[in-house]
1. Suppose the Debye formula is applied to equal point scatterers at every Cα of the stretch 97-244; what is log10 I(q)/I(0) at q = 0.16, 0.21 Å⁻¹?
2. I'd like the Kirkwood hydrodynamic radius of the stretch 19-88, using the inverse of the mean 1/r over distinct C-alpha pairs, in Å.
3. Which whole-Hz couplings ³J(HN,Hα) result when phi for each residue of the stretch 86-94 is put into the Karplus expression 6.51 cos²θ - 1.76 cosθ + 1.60, θ = phi - 60°, listed in order with x for Gly and Pro?
4. Could you give me the percent of Cα pairs per 5 Å distance bin for the chain, shortest bin first, beginning at zero and ending with the bin that holds the maximum distance?
5. Binning every alpha carbon pair distance of the stretch 155-213 at 5 Å from zero, what are the percents per bin?
6. Taking the Cα atoms only, what angle lies between the long axis of helix 211-223 and the longest principal axis of the chain, rounded to 10 degrees?
7. Between the stretch 155-177 and the stretch 209-232, what is the separation of their alpha carbon centroids in Å?
8. Taking the Cα centre as origin and putting +1 on Lys and Arg beta-carbons and -1 on Asp and Glu beta-carbons, what dipole magnitude results for the stretch 20-94, to the nearest 20 debye?
Amino acid sequence: NGATADIAITTRGSDWYFAVSAIMAVAAFSFIGLALRKPRRDRLFHYITASVTFVAAIAYFTMGSNLGFTPIAVEFSRADPKVRGQYREIFYVRYIDWFITTPLLLMDLMLTAGMPWPTILFVILVDEIMIITGLVGALVRSIYKFGFFAFGCFALFYIIYHLAWESRRNAARYGADVSRVFLLTGSLTTLLWICYPIAWGVSEGGNVIAPDSEAVFYGILDLLAKPVFGALLIWGHRGIEPGRLGL
Ligand code: RET
C-alpha cells in the first residue's frame, strides 16, 4: 500500500458519490417525464434542467468509480504539518461537469428573467472564466492557487451582480408570477454559488478538509443547485407561457 499511503484520497466517498449520481439520474428522467406531458413548444426549461442533471449523474458516476481525478502535490499534510511531499486527489471531472452545467443553469435563470441573448452569452463567458480559473488553481502549486482563485471570485461577483440586480429588475417587467419564480430560484442560486468557492478554499485550495468531507460538501451543494433548483424552477414555470418571455 506504499503508493497510496501518502495520497489523501476519499475512502468512504464512493458510495456517497454513487448515491448522488442515482439521485441526479432520477431527477433527470423525471424532468424529461414532465416535459413529455407538455406541448413541444413548452419544454425548454425541462430540457435545460434535465441536461444539467444528466451531466451531473455521469460526473458523479465517474467519481464514484474512483476516476476523473489526478493526484496533486500539497505543501503540507492535513494530519501533520511537519510531513511534506504528500498528494491530494483533485477531481478535475467536477470542472468538466460545471463547464457544461453552470451555463445551462444561467440560461435557466436569465431566460426566466427575459434577458436578451447578448447579455446571457456575456455572463456565460464570465462563468466559463470562473470555472477555468478554478480548475487551473486546483491543479497548480499553492503559491499560484489563490491568484487564480481571486480571478474566479471576481467573475462570480459579476455574475451575482447580474442576477441580483439586472436580471431581477428585468424579471419584474414580466409580471408577478415571473418575478416570483425568478426571486426564488435566483436567491437560491446566489446563496449556493457563494458556497462553492468556500468548499474549494478548504479542499482543492487549502487542503484543510479531508476528501471524504469534500465529497459531502460539494455533493450537498450540487444536489441543491441542480435537482432541487430545477424542480423549483419547473414548478414555478407551471402557469407561465414561454411566449410571454419571448421564447
Ligand atoms: C470555483 C473556484 C474559483 C472561484 C470560484 C469558484 C466557483 C464555482 C461555482 C460553481 C458552481 C457550480 C454549480 C454546479 C452545479 O450544480 C470554480 C470553485 C468563484 C460558483 C452550481
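1. -0.85, -1.30
2. 14.7 Å
3. Those phi angles translate into 8, 10, 10, 6, 10, 7, 5, 5, 4 Hz.
4. Going out from 0 Å in 5 Å bins, the chain shows 1, 6, 13, 17, 18, 15, 11, 8, 5, 3, 2, 1, 0 percent.
5. Using 5 Å bins, I get a P(r) of 4, 18, 21, 16, 12, 11, 8, 6, 4, 1 for the stretch 155-213.
6. Roughly 0 degrees, rounded to the nearest 10.
7. If you average the Cα positions of each part, the centres end up 24 Å apart.
8. The dipole of the stretch 20-94 has a size of about 340 debye.
Computed from the coordinates by the stated procedures, all read-outs in this text should not be read as laboratory data. This one's a predicted model, so the numbers in the text were calculated from it and none came from an experiment. Here Cβ is always computed from backbone atoms with ideal geometry, including for glycine, and neighbour counts include all displayed protein chains.
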